[in-house]
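Computed from the coordinates by the stated procedures, all read-outs in this text should not be read as laboratory data. These figures come from a predicted structure and were not determined experimentally. Backbone-built Cβ (ideal geometry, glycine too); neighbour counts: all protein chains shown.
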Amino acid sequence: MKALDFQHNLLELESSLKRFAYSLTSDKEEAKDLVQETFLKALIYQDKYVNDDNFRAWTFTIMRNTFINNYRRSARQQTNRDETKNTMVLNQYKNYGSDDPASDYSTKEIMKTIDALEDDFKLPLKMHYEGYKYKEIADKLNLNIGTVKSRIFFSRKKLTERLQGYQAA
């Protein structure tokens with residue numbers, strides 16, 4: 001297939017590709033990006049297309065594979081978009097409880113109970129809640145990752161048992 005015929009066939013599929021892209025992404029802008037990326041890849045790999053193949057199926061396969069690869073990449077990165085314009089909001093302490101004094105008392109009781117745990121259980125649990133990953137905790141405490149996971153599990157279990165009778169007033 002000549003380059004001009006290839007491009008003409010590709011442009012004829014544009015509306016179908018847009019609909020397919022929208023069905024994959026459920027977002028107009030992402031669908032447009034996916035169509036453009038598909039066009040680009042089709043043009044780059046034009047020499048890989050065999051004339052006997054179904055051109056439509058070949059192009060839709062490129063789009064589907066591109067979507068899957070992008071989805072996997074974004075899942076791996078687990079990126080969070082922050083659209084907050086005020087950086088003050090970003091750096092503020094997040095209070096997950098309510099603002100009443102009873103919740104402060106509850107938090108203090110929970111922290112007191114955590115501090116009462118043995119160091120072997122307290123340190124991994126605190127590090128985990130501070131945002132450290134299991135691997136980082138294992139490296140810092142010179143433990144196996146399985147040991148870290150089990151200590152965090154048993155720490156939670158001990159906290160549940162110790163706080164079971166506790167109710168905030």
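Extents of the range 3-77, taken as max minus min of Cα coordinates on every principal axis and listed largest first, are 37, 23, 16 Å.
The relative contact order of the range 3-77 comes to 32 percent, based on Cα pairs under 8 Å that sit 6 or more residues apart. Here the 3J(HN,Hα) profile of the range 56-70, calculated from phi with Karplus coefficients 6.51, -1.76 and 1.60 at θ = phi - 60°, is 4, 5, 4, 5, 5, 5, 4, 5, 4, 5, 5, 4, 4, 4, 5 Hz, Gly and Pro shown as x. Across the range 35-40, coupling constants 3J(HN,Hα) worked out from phi with the 6.51/-1.76/1.60 Karplus curve, θ = phi - 60°, read 5, 4, 5, 5, 4, 4 Hz, and Gly and Pro carry x. Using the beta-carbon distance between Lys2 and Thr61 and R0 = 22 Å, what value does 1/(1 + (r/R0)^6) give for FRET efficiency, to the nearest 0.05? Plugging the Cβ-Cβ distance into 1/(1 + (r/R0)^6) gives 0.50. Per-residue Karplus couplings for the range 11-17, computed as 6.51 cos²θ - 1.76 cosθ + 1.60 with θ equal to phi - 60°, are listed in order as 5, 5, 8, 4, 5, 5, 5 Hz, Gly and Pro entered as x.
Other residues lying with their Cβ under 12 Å from the Cβ of Ala138 contribute a combined charge of +3, Lys and Arg counting +1, Asp and Glu -1. Spherically averaged projected area of the convex hull of Cα atoms, the range 118-160: 2.5 nm².
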